[in-house]
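The values are calculated or read from the model by the stated rules, or taken from the named source; none is laboratory data. Keep in mind that what you see is a predicted model, and the values were worked out from it rather than measured. As a convention, Cβ positions derive from the backbone with ideal geometry for all residues, glycine included, and neighbour counts pool all protein chains shown. Heavy atoms of the whole protein, side chains included, go into the accessibility calculation; ligands, DNA and RNA do not. Shrake-Rupley method; radii C 1.70, N 1.55, O 1.52, S 1.80 Å.
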Amino acid sequence: MVNPPVRHCCLYCMLKPVIIRIMDFELFPRYSGKKKFAISMMICTAHTNWRIIVNFTNRRSCLMMRSTVFMFLFVFLSPGVLSLMAQDNKPVRMEIPVKDDSDIYKVVPCGQNGISIIYLSSDTDEQQNMLWVAALLDTDLKENWRKSFPLPKGFVLEEALYTNNRLICFFHSPRGASEDNFRIIDIRLATGELTETARTVPEKSGVAYFSAGEQFAVAGINIRNEESVILAYQFSNSQISVISPGVPGNVVIESISIDKPSGVISAVIRTLGSARKRAYFLVKASANGQIISNLQLSKFDENRLINTAFAYRVDSNTDLIIGSYGRSSRARTIEGVESVGVASTGFFSVLIRNNAEENANFYEFTDFGNFFRYLRRPSDLNVRRGNNRIEKGRDYSMDHDILAHEVFRWKDQFVFIAEAYYPEYRSVTTMVYDYYGRPYPSTYSVFEGFRYLTTFIAGFDQAGNLLWNNDLELRNILSQKLKRRVLAWEDTEGLVLAYAHDGKITSKLIDRNTTIESPVNSDIETLSPRDRIFEDTNSSIERWYNNYFVVYGYQNIRNSYVSSRSNKNVFYINKMAFY
């Protein structure tokens, strides 16, 4: 923003400071009711390049707030200026034409630095290396800079993390180059300067987990038939150090977290083998490769099998491991491929103090409030019926496939979130003919996608005791790709849960086990009010800065009034606000 001119060419320019003060500090707080997402709008005038960012927060209804804002402006502005502004109202949105919804763009919010986009271009350099592109957009989604860098064919972007004004990109070539097949691109966002660091990892290695601290970033490397390792990249000298967990036998990395104040790396490691024979370890290390402690978890047996586990460093002497567990070790297959882990029956917590286990707690999903409300799988029908005429002592434990989130701290509690889903199939019947030409029906199953059910959210105290639980139903989400969809963040009144789907954002405000505001939908605005979203796929919502969020994905837009948008596939990025 730039300041308004001293000499005012019209009534609008003279009243700009008054309008801003009224919109930012007076108008919005007077509305009560449901909090909603609001699209960030730019209002540009013909008199100056000065922009106002208007956040239509509408606590009761977007339409009501919008009409109130414009009505209020109408009191101060002449009809000519108001008409001009109304014509230029557009959301803060960027669109890139695409052929389909193939997930080719990686979006990384970078605080007030803006947003980074990384993608593989179709160009090559003189050595026939593929050219990757990284671009930085400012907070108005205008491009600041764009850089390209070459990598040999076969490299894929595994992850990109923002930390300390840097963008750290992890690339891996699982089948291509045998040497230098793991590379880190370190980009300084202020200038776009980048540094490339390469290392060789064994072929057929899998990149397991990533995390970033203030001075270094780590990647977990699972090596087939060997001990897995953690690679720590130091920002100061662009060097990679190798951290060996020190667990004997073949192991894999379950999760990694970094305590930013101390720089301590906490990793949950498990041995290979059947679910009932796996051993789990909490390994803590420093970035230079020194092992601080190594502890085997012993609070589990054949009836309680770990599915997911995340470590959180409470203080210098205390760690808390929270995750999900199951009772059945039966292998699950999706499209003929065996999945890793066991189905989850509930959540668990393990308190570790002075490198010794003190206690463990186990909580089944069936003990959670409103659990049976969201059972929609065919296999759940008998359980739902049984719950209506429940018998004393009868076990109604349920197993679910879940996508678990990292543990985060909220006030004096530790919050764990998991999204439940199941693979959905449909039956197809066709007529076939036997050897004698006689027809008979043949039925087979076709994989439709992953059907999301609900979100389990639970809060634990520092001793690992369950304090509360809540939920967020995930409606009508069927996806070919599994990914975490729910975002949670702290609000002045509680905890907000939100997800993007079908051109809308669904949000819910909770305070522990109390629902303050029921789920409410907010539209993801397009560039034209006459645009119709025919299809919306692979949508995501992420925290950006202050009260701003970024929503992005792929849409098919149809507009019968504009020929260039009559049937258009785009990758979009929207800036939105929440009040």
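Annotations
- Of all accessible heavy-atom area on the stretch 235-314, the percent that carbon and sulfur account for (1.4 Å): 44 percent
- In this structure the stretch 130-172 gives 39 Å² per residue of accessible area when probed at 1.4 Å with all protein chains present.
- Here the mean projected area of the convex hull built on the C-alpha positions of the stretch 113-200 is 5.8 nm².
- The stretch 417-564 - Rg over Rh from alpha carbon coordinates, Kirkwood radius: 1.15
- Within the shell defined by Cβ-Cβ distances under 9 Å, the residues around L136 carry a net charge of 0, with Lys and Arg each +1 and Asp and Glu each -1.
- Sorted peptide list for 259-265, 553-559, 230-236, criterion being average Cβ within 10 angstrom, highest first: 553-559, 230-236, 259-265
- Net charge of the neighbourhood of A356, taken over other residues with C-beta under 13 Å away and scored Lys/Arg +1, Asp/Glu -1, is -1.
- A 1.4 Å probe over all protein chains sorts D471, D434 by accessible area into D434, D471, starting with the largest.
- For the stretch 95-143 versus the stretch 507-547, the gap between their alpha-carbon centres in whole angstrom: 24 Å
- Using θ = phi - 60° and Karplus 6.51 cos²θ - 1.76 cosθ + 1.60, couplings along the stretch 236-241 (whole Hz; Gly, Pro as x): 5, 10, 6, 10, 10, 10
- Shown here: the stretch 162-250, whose C-alpha atoms stretch 44, 28, 18 Å along the first, second and third principal axes, sorted largest to smallest.
- Accessible area in the full protein assembly, largest first, 1.4 Å probe, for H400, H405: H405, H400
- Column: log10 I(q)/I(0), Debye, Cα scatterers of the stretch 392-504, q = 0.10, 0.14, 0.18 Å⁻¹: -0.47, -0.73, -0.99
- Once the 1.4 Å probe is applied to the protein heavy atoms, the stretch 437-563 comes out at 45 Å² accessible per residue.
- Bins of 5 Å, starting at 0 and running to the largest distance - Cα pair percent for the stretch 211-339: 2, 10, 20, 22, 19, 13, 8, 5, 2, 0
- Surface analysis of the stretch 189-267 yields an accessible area of 42 Å² per residue, using protein heavy atoms and a 1.4 Å probe.
- Amide H contacts of G213 (H built 1.01 Å from N, in plane; Pro and chain starts excluded): V218 sit under 5 Å, all sequence-distant by 5 or more or on other chains.
- Only protein atoms count toward the accessible area here, which uses a 1.4 Å probe; on the stretch 434-579, the carbon and sulfur part of that area reaches 43 percent.
- Neighbour net charge for P152 - beta-carbon separation under 15 angstrom, K R +1, D E -1: -3
- Surface composition of the stretch 139-209: carbon plus sulfur atoms hold 40% of the accessible area, using a 1.4 angstrom probe and ignoring ligands, DNA and RNA.
- When the stretch 440-553 is described by a simple charge dipole with +1 on each Lys and Arg Cβ and -1 on each Asp and Glu Cβ, the residue from V446, L497, F460 located farthest towards its positive end is V446.
- Across the stretch 278-290, computed HN-Hα scalar couplings (Karplus, 6.51 cos²θ - 1.76 cosθ + 1.60, θ = phi - 60°) run 6, 10, 10, 10, 9, 10, 10, 8, 9, 5, 7, x, 6 Hz from first to last residue, x flagging Gly and Pro.
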